[in-house]
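First up is the structure itself, then whatever we jot down about it.
The numbers here are math on the coordinates, done by the rules we state, and not lab data. Here the structure is a predicted model, which is why all the values come from computation and not from measurement. Don't worry about glycine lacking a Cβ; one is built from the backbone with ideal geometry, like all the others, and counts go over all protein chains shown.
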Amino acid sequence: MTVTARAAKATAWSSPAFRFLLGSDAVTLSGSAVSTVALPALAVLELRASTTEVAVLAFLGQLPSAVALWAGALSDRRPKRPQLIASDLAAAGALVTIPAAALAGALTVGQLCVVAVVLGAAKVLHDAAAISLLPALVDPSQLHDANSKIGAASSVADSAGTNAGAALVGAVGPALSVLADALSFVVSALLIWRMRFLEAATASRARTSLAGDIADGVRYVARQPTIRTVIAALSTLAFGLAVMNTYWAYYLLDRLGASPSAFGVIMGVGGVGGLAGALLAPWIAARIGIGPTIIVGFAVSPLAQVPLLCAGPGLRWQIVLAATLVVQLFWATASGISQRSLRQAICDPAFQGRMQSASTTLTAGVRPLAAATAGGLVLFLDVRATLAIGALLQVVPVVLLLVSPIRALRKIPARAVVLPAREGA
């Protein structure tokens, strides 16, 4: 067998640096899933936070994602490995203050809010650096496989972390439970520190400000047709889903009479679809093409809402909804991995972080607006009609993709050269 043939059969797993990045992502997601359970429990059960304080805590945790452009600009401006380590250690340090303050009897909701902001900022910085670093760690032919492995590991880690979080909260209390998340960030920092690879030198942009870098990144995304279309589709899909998610749990629990345990089973079974979609994404794209894989994933989302809108109470409908969620998450994950690989492959390396942060900012930024829209709609319509509008909105991104060249893509193309507005001067 020739060297070329062996290289063609190699997978992303053959890269030691990728294995460290994969481990870092998996361990931090597991830990963060623990905090997802522990922090609300701490606020509600031990600090007796009001509904307003709980809402503020949730809002502040999501706020950094809605203004993530700074993280992408910083990622493209500086070496990424130190940023990954710094963001992990900052998150660990913030989390450790919670059990320390609890043991001293000084923990407040205000401190939880500060920790939520630090965690959110650390996450967007870590994600921008990690996602933009990935194309440098593996061969371009292995990029789809690398994203597939990350998606599968993330699915397992998130599920395991959520279950572990519930068990830890019950065993040691929510304040001490967050130490598991703090430890996960320390482990992640150690894994990144052990990562050995030659990172390409970051172009010097001392003559431009961070705001200038952000503006350059926005212009680059706006001028790259494929990336622009995919991000527009993602943000409009996020808006439609967020309209539905505002009342999705309420509709199942109150209107359809599902018990909390049945609700949990439906969500858990749906996660199996996400894991399968992550594992099979490269295989599907190889069979039907990268463009059709992306479009089918978007198209399944509004179709999957039809059983929900037609559902009634009872076990039979609960089984239907669980099966539908499996299919929806299968295709959503396969599509998500494919569109991320496509964006990474064609994006100029100098703009990888800003491209990803533009996507994060738009998809996260529309969610509060969508929740407010859902709240306004339900004042004039019933919950089912509001959910139906959310489902119809999810047709818009499908149309955007169908009228774009993405529908004809069978393989990930070579990087398109688009000169930036300022940095190319």
- Task: Determine, for Met355, Met244, the number of other Cβ atoms within 10 Å of each Cβ, and report the residues in order from fewest to most.
- Result: Met244, Met355
- Message: With the crude spin-label approximation of a point 7 Å out along Cα→Cβ, what separation in nm comes out for Val272 versus Ile319?
- Response: 1.3 nm
- If you wrap a convex hull around the C-alpha atoms of the chain and split its volume per residue, what is the figure in Å³? 156 Å³
- What nm distance separates the two modelled labels at Val399 and Ala371, each placed 7 Å from Cα along Cα→Cβ? 2.8 nm
- Item | Most mobile of Leu401, Leu63, Leu381 in a GNM of the chain (Cα contacts under 10 Å) | Leu381
- Contour minus Cα-Cα distance for Asp254 and Arg19 (0.36 nm per residue): 80.2 nm
- Message: Using only DSSP helix segments of four residues or longer, with each worth -39500 (n - 2.57), what per-residue ellipticity at 222 nm results for the chain after dividing by its residue count and rounding to 500?
- Response: -26500 deg cm²/dmol
- 25 Å Cα cut-off, lysine pairs counted over the chain (separation 8 or more, or different chains): 6
- Sites excluded, trypsin sites (Lys or Arg not before Pro) in DSSP loops with at most 16 other C-beta within 10 Å, longest stretch of the chain: 208-409
- Message: If I stretch the segment between Ser50 and Arg223 completely, what's the gain in nm (0.36 nm per residue apart, minus their alpha carbon distance), one decimal?
- Response: 57.7 nm
- Task: Just subtract the alpha-carbon distance of Phe380 and Ala100 from 0.36 nm times their residue separation and send over the number in nm, one decimal.
- Result: 96.1 nm
- Which of Ala68, Ala304, Ala122 moves the most in a Gaussian network model of the chain with Cα springs under 10 Å? Ala304
- Message: Can you classify segment 247-383 as rounded, prolate or oblate using the Cα gyration tensor, where a ≥ b ≥ c are the square roots of its eigenvalues, rounded means a/c under 1.5, and otherwise it's prolate if a/b beats b/c and oblate if not?
- Response: oblate
- Query: Residues in segment 62-102 near a label at Ser209, defined as backbone nitrogen under 17 Å from the 7 Å Cα→Cβ point?
  - Reply: 69-71, 73-74
- Query: Between Thr236, Thr363, Thr52, which gets the highest mean-square fluctuation from a Gaussian network model of the chain, Cα cutoff 10 Å?
  - Reply: Thr52
